[in-house]
Amino acid sequence: MILKQKFYQRDTLKVAKELLGCILVRKLSPVKSPQDGVAKGEFNRVKPKIIKAVITETEAYKGKNDLASHASRGRTPRTELMFGEAGRAYIYLIYGMYHCLNIVTEKKDYPAAVLIRGVEIIGSPTSKRKSDFPKLNGPGKVCREMKVDKKLNGWDLTKGEKIWIERGIKISPKDIKKAKRIGVDYAKHCKDYLWRLSLISK
DNA sequence: AGATTGATCCAT
DNA sequence: TGGATCAATCTG
């Protein structure tokens, strides 16, 4: 079952927690030439290609007072999406090289999103590097493997096209680890919030 | 530990 | 318009 806007339009911490165990699905269209996130050599793919992955790690970015959030400096062309409709993709380029995938949460005009930090690929990984799958730790690797880049920025994840999230396995609260978010040392007191949630691997 | 890499944002 | 700053990752 595809997660609808109602799922995303709630408290960000709750969404971040419930996304663990859900299935991130990426559907790639057939292509006749190198384009749209198609790996080198993937010419003339005649059938759609589906990549599925269990979400194993998320981070919450919630409200203007969260100094770790891009939205803490208010509305800008870039952060406008975080103020917009829940269930949209907010994707940005980081360090000039890597993309990060976030899902917008909460009500309109309240800036918040959940960053997808880690997944386990179920379907068909394209990377040749064995270390890159099936477990992917790090938002940059997630996007590389799932062919997510800024072309999908603003995409509606509730439509069930190109990219969406499905309800997955039920997760027990005791299997969820809370920790400080990564790479937000600049965020004063907010850096210590335990807003990084991950599945304890067994 | 250091290099990489470019969009973004704020101060000139 | 410049320049610091990044929700990171890879080497060594």
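Give me the distance between the Cα centres of the stretch A:134-202 and the stretch A:43-117, rounded to whole Å. Centre-to-centre (Cα) distance: 9 Å. Taking label points 7 Å from Cα along the Cα-to-Cβ direction, A:GLU166 and A:ILE122 give a separation of 0.6 nm. Aspartates and glutamates within cross-link reach of A:LYS64: Cα-Cα under 20 Å, excluding same-chain residues under 8 positions apart? Partners within reach: A:ASP11, A:GLU80, A:GLU85, A:GLU106, A:ASP109, A:ASP185, A:ASP192. When the Gaussian network model of chain A links Cα atoms closer than 10 Å, the mean-square fluctuations of A:LYS151, A:LYS162, A:LYS107 top out at A:LYS151. In chain A, one over the average inverse separation of all distinct C-alpha pairs is 17.1 Å, which is the Kirkwood hydrodynamic radius. With one equal scatterer per alpha carbon and no solvent term, the Debye-computed log10 I(q)/I(0) for the stretch A:76-187 at 0.23, 0.24 1/Å reads -1.50, -1.52. In this label model, A:ARG10 and A:ASP149 are separated by 3.5 nm, measuring between points 7 Å along each Cα→Cβ vector.
Kindly identify the stretch A:151-201 as rounded, prolate or oblate by the Cα gyration tensor criterion: order the square roots of the eigenvalues as a ≥ b ≥ c, call it rounded if a/c is under 1.5, otherwise compare a/b with b/c, prolate if a/b is larger, else oblate. The shape class here is oblate. The GNM of chain A, with springs linking C-alpha atoms under 10 angstrom apart, assigns the highest mean-square fluctuation among A:CYS143, A:CYS190, A:CYS100 to A:CYS190.
FYI, it's all coordinate maths here, none of it is from the lab. Quick caveat, the model's predicted, so the values are computed rather than measured. Every residue, glycine as well, gets a Cβ built from its backbone with ideal geometry; the counts of neighbours run over all protein chains shown.
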